[in-house]
Amino acid sequence: MIVPAKLDTDRALIFMEPFTPMMWIASGGILMYTMLVVWFLEHPINPEFRGPWMNQLSTALWFTFSSLFFAHRERVYRNFTRIVLVIWFFVALILTQSYTAGLTSMLTLQKLKPTVTSMEYLRISKAKVACDPDAFICNYLINTLNFSKDVIVPISNTSSYGDEFRSGNISALFLEYPYERAFFTEYCSGYIVIRENYAFGGFGFVFPRDSPLAANFSTAILELSESGEMKRLENKWLQPECTLRNFTSDTPKLGLNSFWALYALTIAASTGCLLFACLCTRRNRQDHEQGSTGDDMSVTEMRIL
């Protein structure tokens, strides 16, 4: 199905498109978790992470968010915090570079927006569609795809496709694949292909049973393919720069499946440092209590003596 297309100028939210929604949610969750770990590790000994609760949380959030751009200025005092931040800096570097690359490609590539996106829309709106009356496509549209006969416009003259589109007489054009390639050679821009699992291959050749032409014909085609002559003829007759423009409703985006290992690494590192810090704090507290108890006993013994 070939339909007219125009440049998509409504791109106000394109900065959100490099990542999938789940990727944005996961990234925000990792950011908040890292913020809490940094605050927990630095709060007891770092004066910059003390004060009222709102100041503490805002400082921790600002520190973690600014680390995405390596613009933080607050000092850290614990080695556990440094380990967490080193891994977080590595993750942040990969995220920012991937986001920048994805956004750059989306901004530099022009995106075509089709006027029609589905066959169901054509059936409901009863829009006029064109096909080649000498091919099986017209009957296929009526008998299989349930198009009404009233909306089918048979067009035999291939050179009039563009005029029919420009005049608004048709909204879509259905062609077999070889004619589809020829169409895009003549009309190199302004159109796009919509595929909905109704795609047919090239032509087939039928010969009588036991005809020697069948084997000879197959051998000739095979030799043309293996020698590269078929590809040369294709590039000569069908311009490579006017390749088919297939429309997909989903823009390629970076998802969580590409970064889950990095997120697992930073979560494991942050959790491990947090647990080790808690164990070290508990051990130091027990050693301090035992030392205090030992000093009290020594003083008591000296008094008894």
Would you pick out the residues in the range 111-143 that are basic (Lys, Arg) and under 23 Å from SER167 (Cα atoms)?
LYS113, ARG123, LYS126, LYS128
Under 6 Å by Cβ, and 6 or more places apart or on different chains, what pairs join a residue from the range 85-105 that is in the same structural domain as ALA261 (by TED's automatic domain parsing) with one that is assigned to a helix (DSSP H, G or I) and hydrophobic (A, V, I, L, M, F, W, C)?
ILE87/ALA269; VAL91/LEU262; ALA92/LEU68
Taking THR185 as meeting all but one of (1) surrounded by fewer than 17 Cβ atoms within 10 Å (Cβ to Cβ); (2) part of a loop (DSSP other than H, G, I, E, B), write down the number of the exception.
(2)
List every residue pair whose Cβ atoms sit under 9 Å apart, with the two residues 6 or more apart in sequence or on different chains, where the first one lies in the range 172-191 and is assigned by TED's automatic domain parsing to the domain that holds LYS126 and touching a residue at least 60 places away in the same chain (Cβ under 8 Å) and the second, anywhere, is in a loop (DSSP other than H, G, I, E, B) and among the hydroxyl-bearing types (Ser, Thr, Tyr).
ALA172/THR115; PHE174/TYR198; ARG181/THR243; PHE184/THR243
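When the range 241-263 is examined, which residues are found to be among the hydroxyl-bearing types (Ser, Thr, Tyr) and either in a helix (DSSP H, G or I) or at pLDDT 70 or above (or both)? Break it down stepwise before answering.
Just the residues of the range 241-263 that are among the hydroxyl-bearing types (Ser, Thr, Tyr), to begin with: 243, 248-249, 251, 258, 263.
SER258, TYR263, listed by residue number.
Sort out which residues of the range 156-175 are more than 35 Å from the chain's Cα centre (by Cα) and assigned to a loop (DSSP other than H, G, I, E, B), and write them in order of number. Before the answer, list the steps.
Initial filter on the range 156-175 (more than 35 Å from the chain's Cα centre (by Cα)): 156-160, 163-164, 167, 169.
The answer is SER156, ASN157, ASN169.
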Just checking, which of LEU213, LEU238, LEU305 is modelled with pLDDT of 85 or more and of a type outside the set (Lys, Arg)?
LEU213
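Could you please find all residues in the range 120-141 being of a type in the set (A, V, I, L, M, F, W, C), outside any loop (DSSP other than H, G, I, E, B) and closer than 16 Å to GLU176 by Cα?
Going residue by residue through the range 120-141, those that are of a type in the set (A, V, I, L, M, F, W, C) are 122, 124, 127, 129-131, 135-138, 141.
Next cut, outside any loop (DSSP other than H, G, I, E, B) only: 122, 124, 129-131, 137-138, 141.
Passing the criteria: VAL129, ALA130, CYS131, ILE137, CYS138, LEU141.
Looking at VAL3, is it in contact (Cβ under 8 Å) with a residue 12 or more places away in the chain, under 30 Å from GLU176 (Cβ atoms) and not assigned by TED's automatic domain parsing to the domain that holds TYR187?
yes
The values are calculated or read from the model by the stated rules, or taken from the named source; none is laboratory data. Since the structure is predicted, the reported quantities are computational estimates derived from the model, not experimental observations. A quick note on method: Cβ atoms are made from the backbone with ideal geometry, for glycine too, and the neighbour counts reach across all protein chains shown.
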